[in-house]
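The values are calculated or read from the model by the stated rules, or taken from the named source; none is laboratory data. Just so it is clear, the model here is predicted, and its values are computed rather than measured. Don't worry about glycine lacking a Cβ; one is built from the backbone with ideal geometry, like all the others, and counts go over all protein chains shown.
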Amino acid sequence: MKALIVLASVILLLDLATKIAAVALIDPRRPVQIIGDTVTLTLIRNPGAAFSMATGLTWVLTLVAVIVVIVVIRMGRTLRSSWWAVGLGLVLGGALGNLIDRFFRSPGPLQGHVVDFVSIGWWPVFNVADSSIVCGAILLVALTVFGIEADGTRRVDEKKAVS
């Protein structure tokens, strides 16, 4: 649980710091070119989820994020796998980062728009929290596919075990 909390805290602080800097330093009308037009810092306020899905359902996204945070914290209490702690820590830190935006940014509580500012080519604009959630989810899927349980044990394929 300690590794999960430490990683989630680092991700959360990094997400908050980069969003504060983005809002203070980037003019929404003038993207900052990092690598030509391919990588830019482009400030937007996203009322939806990834790819601007569920725009207008900010309260639903807020509720989902709260549920994710609760589930991750409950799972964290029984973790024995350091890899699961990393995956869940990434998801928790990212979920908290975007949840804070939804609670405290305009236009108001439970309706706040998430600050996104990293733009890479044709990919939608995103932030540190989004990247963290995606990386954590990919890791958790990989752990599940390879049979590594949250308690640190390895799931045995019953068909192979019998033969």
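Things worth noting here:
- Residues in segment 88-106 that are in contact with a strand residue (DSSP E or B) (Cβ under 9 Å, 6 or more places away or on another chain) and either small (Gly, Ala, Ser) or in a loop (DSSP other than H, G, I, E, B) (or both): GLY97, ARG105, SER106.
- Residues in segment 80-93 that are buried (at least 22 other Cβ atoms within 10 Å of the Cβ) and aliphatic (A, V, I, L, M): ALA85, LEU88, LEU90, VAL91, LEU92.
- Unique match (being crowded, with 19+ Cβ neighbours inside 10 Å and small (Gly, Ala, Ser)) among GLY121, GLY97, GLY56: GLY97
- The single condition from (1) in contact with a strand residue (DSSP E or B) (Cβ under 7 Å, 6 or more places away or on another chain); (2) under 17 Å from LYS2 (Cα atoms) that GLY136 fails is (1).
- Search result, residues across segment 97-141 that are of a type in the set (Val, Ile, Thr) and over 16 Å from the mean Cα position of the chain (by Cα): ILE120
- Taking every residue in segment 92-110 that is over 18 Å from GLY56 (Cα atoms) and pairing it with any residue that is at pLDDT 90 or above and hydroxyl-bearing (Ser, Thr, Tyr), at least 6 positions away or on another chain, the pairs with Cβ-Cβ distances below 8 Å are GLY93/SER9; GLY93/SER132; GLY94/SER131; GLY94/SER132; GLY97/SER132.
- Residue check, VAL69 at pLDDT 95 or above, in contact with a helix residue (DSSP H, G or I) (Cβ under 7 Å, 6 or more places away or on another chain) and of a type in the set (A, V, I, L, M, F, W, C): yes
- If the condition is being within 18 Å of the chain's Cα centre (by Cα) and either under 12 Å from ALA8 (Cβ atoms) or buried (at least 16 other Cβ atoms within 10 Å of the Cβ) (or both), then segment 67-79 contributes VAL68, VAL69, VAL72, ILE73, MET75, GLY76.
- GLY112 buried (at least 21 other Cβ atoms within 10 Å of the Cβ) and part of a loop (DSSP other than H, G, I, E, B): yes
- For segment 125-145, a residue qualifies if it is loosely packed, with under 15 Cβ neighbours inside 10 Å and either in contact with an Asp or Glu (Cβ under 9 Å, 6 or more places away or on another chain) or not aliphatic (A, V, I, L, M) (or both), and exactly one does: THR144.
- Where PHE117 falls short, out of the listed (1) in contact with a Lys or Arg (Cβ under 9 Å, 6 or more places away or on another chain); (2) without any contact (Cβ under 8 Å) to a residue 40 or more places away in the chain; (3) under 30 Å from VAL39 (Cα atoms); (4) of a type in the set (Phe, Trp, Tyr): (2)
- Restricting attention to segment 127-138, the residues that are out of contact with any Ser or Thr (no Cβ under 8 Å at 6 or more places or on another chain) and farther than 17 Å from VAL69 by Cα add up to 1.
- Identity of the residue in segment 16-35, β-branched (Val, Ile, Thr) and over 16 Å from HIS113 (Cα atoms), that ends up surrounded by the fewest Cβ atoms within 10 Å (Cβ to Cβ): ILE35
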